[in-house]
Amino acid sequence: PLVPQSSAKMVRISVLGDALKTMYNAEKRGKRQVLIRPASKVVIKFLQLMMKHGYIGEFEYVDDHRAGKIVVELNGRLNKCGVISPRYDISHTEVEAWVARLLPSRQFGVIV
């Protein structure tokens, strides 16, 4: 008798983390463009912020009637990007301590 195996499916934990890791890996390899999938509102807002600070070029949302894709133009200014997991709740008094702990110097990098 055949026993049905559990149809457990892999789930994506952090869409933003995957997007940033994909961009970082493409930047390390010297690529000029990178395709990020799936797209989400959080990823789009984060990319707008990165574009405002000059870390990436323009990006384009591609609607494929599923989760969507984003094509990002890389400009070679991205050194390292990633998410802090788990997403800690910090008060406004602890922000300076986190910035000092995570960034290499005072005038270098952005924490969102």
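VAL71: more than 24 Å from ILE111 (Cα to Cα), modelled with pLDDT of 95 or more and of a type outside the set (D, E, K, R), yes or no? So VAL71 fails the test. Among the residues making up the stretch 28-75, those that are under 16 Å from VAL112 (Cβ atoms) and β-branched (Val, Ile, Thr) are VAL42, VAL43, ILE44, ILE56.
The values are calculated or read from the model by the stated rules, or taken from the named source; none is laboratory data. Only a predicted model underlies this, so the values are computations on that prediction, with no experimental measurement involved. FYI the Cβ positions are ideal-geometry reconstructions off the backbone, even for glycines, and counts take in every protein chain you see.
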